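Asker: Take this structure first; my questions come after.
The values are calculated or read from the model by the stated rules, or taken from the named source; none is laboratory data. It should be emphasised that the depicted structure is a prediction, and the values quoted were computed from it without experimental measurement. Don't worry about glycine lacking a Cβ; one is built from the backbone with ideal geometry, like all the others, and counts go over all protein chains shown. The protein model used for the area step is the full one, side chains on, heavy atoms only, and it has no ligands, DNA or RNA in it. Shrake-Rupley method; radii C 1.70, N 1.55, O 1.52, S 1.80 Å.
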Amino acid sequence: MGQGLAGICVNKGFDIDGFDLGRDLSFEWQFQKKVSPEIAFEKNKRKKFYDVCFLENATLILTELETGMWGRTSEKYEVFSFVIQESTMSFSFKWSLNSDFEQRYFRVENNIIEEEVSIGEKLPIEGLYDDYTNLIEAQIKETTGFSLKDFSDKEFYRFKWVGWEILSKDLEYILRSEYFYKYVDRGLIPNYTQEEQIRLFELFHKYAVDNNIDVYHYMTYGNSEGIMPIETIFKTNYQDVIKILLKNPETESVVKKYYTKNQLDWLFCINQNDEKRYNEILNDHLKIEENVISNEDISRKKSKKKWWEFWK
C-alpha cells in the first residue's frame, strides 16, 4: 500500500510540556498522554491530534495529512512540513528558515508537480533525488539531524487541539504567554474566579511597580494601523480588573489597600487634562499617614517622591 505520513519538523529542541512549541508554531493544544512510536507512526491520524517527539536539538510532530500539507513557519527556526502518501503518489514539501513565509513549497498529485501552487527556488537537495519519498526523508534529516528511522525508538507525546476558548480559561497558560501584556480582551477577565482576579490584580500591580508605569497618566491609543503600545494594553487590562474588584464588596478592599478614593476617581472619571489635580492625586495616599507622620515629614516626602511611587 505504500507509506503514508505527514508531519512538521524543527531544528530546535523544546520543553516536553509543548508550551513554547505550540506558541511558536500556533498550535492551540493541550497534552493528552504518552504514546509509543508504533502508534505515533500509524496511518490515518485523527484530525486535531499530534504526536510529538522532543529531542535535545530537534523536534518531530506527526500530524494528519491536512496539517502536514499546509505546514507551519517560524521566525526563529528552520521548519520543514511534509506529506508522504505513496498510495496516491501525493506529496507536499514546505520549507522555511527564520521566516513567517515559506521560502520553498511544492505539491505533487499523481506524481506530477502542481506548478501553479509551487513557489520559491529549488533547494540544492532537490536535485539529488528523483523519488519524492526519499527527497522528503532526506530533508527531514537535513532539518533535524535524524532520519525517520532514528525516531522509531523514541518517546512521543500526544497533544490535542483544544482551541483558544479552552486555553483562555487556563490562567496559568495566559500568564505564561504574557497575553495581558500584548492584547486587550474585555470578555476574558470577568470569566475568571474571584481568586484568579485577585491574583491578576496583584500581578498587574507588581508589574506597574517593577516597570515604573504611571497608571494615572494619559494613554496613547493605536497608531494608523490600529496597533496599541504595550503600556496602553497593560493599563487597559489593569483598569478592567480594578473595576471588577471594586464592584464586589468582598474584593474592593484588595484594591483600596493600594489606592485611595481620589486616586480611583482619577483613574475612572476625573478630567485628566487637569495637571494640578493630577499631581495632587499622585500624593493623595499621604493623607492616610497623617496620624503617624508629622507635617514636616510629609512635606519632605512629597518633595522627594518619584512620580511612579504611587504604591508607597
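A quick yes/no check of all residues on (1) over 14 Å from residue 5 (Cα atoms); (2) of a type in the set (Asp, Glu); (3) open to solvent by 60 Å² or more (accessible area, probe 1.4 Å):
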| residue | (1), (2), (3) |
| --- | --- |
| 80 | no, no, no |
| 92 | no, no, no |
| 103 | yes, no, yes |
| 106 | yes, no, no |
| 126 | yes, yes, no |
| 132 | no, no, no |
| 138 | yes, no, no |
| 145 | yes, no, no |
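Asker: Tally time: how many residues in segment 19-46 are under 17 Å from residue 154 (Cβ atoms) and either among the acidic types (Asp, Glu) or in contact (Cβ under 8 Å) with a residue 60 or more places away in the chain (or both)?
Answerer: Summing the residues that are under 17 Å from residue 154 (Cβ atoms) and either among the acidic types (Asp, Glu) or in contact (Cβ under 8 Å) with a residue 60 or more places away in the chain (or both) in segment 19-46 gives 11.
Asker: I'm trying to understand the selection: among the residues of segment 82-114, which are among the polar types (S, T, N, Q) and within 21 Å of the chain's Cα centre (by Cα)?
Answerer: 96, 98, 99
Asker: Exactly one condition in (1) surrounded by 15 or more Cβ atoms within 10 Å (Cβ to Cβ); (2) within 20 Å of the chain's Cα centre (by Cα); (3) not polar (S, T, N, Q) is not met by residue 178; state its number.
Answerer: Answer for residue 178: the failing condition is (1).
Asker: Of everything in segment 230-252, what is free of Cβ contacts under 8 Å to residues at least 40 places away in the same chain and under 20 Å from residue 188 (Cβ atoms)? Give them in sequence order.
Answerer: Selection gives 231, 232, 235, 238, 239, 243, 246, 247.
Asker: So which residues in segment 89-103 are assigned to a loop (DSSP other than H, G, I, E, B) and under 17 Å from residue 135 (Cβ atoms), if there are any at all?
Answerer: Scanning segment 89-103 gives 89, 102, 103.
Asker: Residue 88 is checked against (1) in contact with a Gly (Cβ under 9 Å, 6 or more places away or on another chain); (2) surrounded by 14 or more Cβ atoms within 10 Å (Cβ to Cβ) and fails just one. What number does that condition carry?
Answerer: That leaves (2) as the condition not met.
Asker: What do you reckon, is residue 173 over 29 Å from the mean Cα position of the chain (by Cα), hydroxyl-bearing (Ser, Thr, Tyr) and closer than 25 Å to residue 40 by Cβ?
Answerer: Numbers: over 29 Å from the mean Cα position of the chain (by Cα): no; hydroxyl-bearing (Ser, Thr, Tyr): yes; closer than 25 Å to residue 40 by Cβ: yes.
Spelling it out, it is not the case that residue 173 is over 29 Å from the mean Cα position of the chain (by Cα), hydroxyl-bearing (Ser, Thr, Tyr) and closer than 25 Å to residue 40 by Cβ.
Asker: Looking only at residues in segment 194-203 that are within 25 Å of residue 221 (Cβ to Cβ) and aliphatic (A, V, I, L, M), which one is most open to solvent (accessible area, probe 1.4 Å)?
Answerer: Restricting to residues being within 25 Å of residue 221 (Cβ to Cβ) and aliphatic (A, V, I, L, M), the top hit is 203.
Asker: Tell me whether segment 149-167 contains one or more residues that are of a type in the set (Asp, Glu) and open to solvent by less than 60 Å² (accessible area, probe 1.4 Å).
Answerer: no
Asker: Please enumerate the residues belonging to segment 121-147 that are touching a strand residue (DSSP E or B) at 6+ places or on another chain (Cβ under 8 Å), within 18 Å of residue 86 (Cα to Cα) and among the hydrophobic types (A, V, I, L, M, F, W, C).
Answerer: Listed by number, the residues that qualify are 135, 136, 140.
Asker: Does any residue in segment 107-130 that is at positive phi come within less than 8 Å, Cβ to Cβ, of a residue that is part of a strand (DSSP E or B) and charged (D, E, K, R) six or more places away or on a different chain, and which pairs are these?
Answerer: Partner pairs satisfying both residue conditions: 120/104.
Asker: Something else: Looking at 263, 272, 239, which one is modelled with pLDDT under 70, under 36 Å from the mean Cα position of the chain (by Cα) and surrounded by 14 or more Cβ atoms within 10 Å (Cβ to Cβ)?
Answerer: Being modelled with pLDDT under 70, under 36 Å from the mean Cα position of the chain (by Cα) and surrounded by 14 or more Cβ atoms within 10 Å (Cβ to Cβ) holds for just one of 263, 272, 239, which is 272.
Asker: Considering only segment 108-120, how many residues are surrounded by fewer than 11 Cβ atoms within 10 Å (Cβ to Cβ) and touching a strand residue (DSSP E or B) at 6+ places or on another chain (Cβ under 8 Å)?
Answerer: 1
Asker: Consider residue 75 against the criteria (1) out of contact with any Lys or Arg (no Cβ under 7 Å at 6 or more places or on another chain); (2) part of a strand (DSSP E or B); (3) open to solvent by less than 20 Å² (accessible area, probe 1.4 Å): it satisfies all of them except one. Which criterion is unmet?
Answerer: That leaves (3) as the condition not met.
This table checks each residue for (1) in contact with a Cys (Cβ under 9 Å, 6 or more places away or on another chain); (2) surrounded by fewer than 17 Cβ atoms within 10 Å (Cβ to Cβ); (3) at pLDDT below 90.
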position	(1), (2), (3)
189	no, no, no
192	no, no, no
207	no, yes, no
212	no, yes, yes
217	no, yes, yes
225	no, yes, yes
235	no, no, no
244	no, no, no
249	no, yes, no
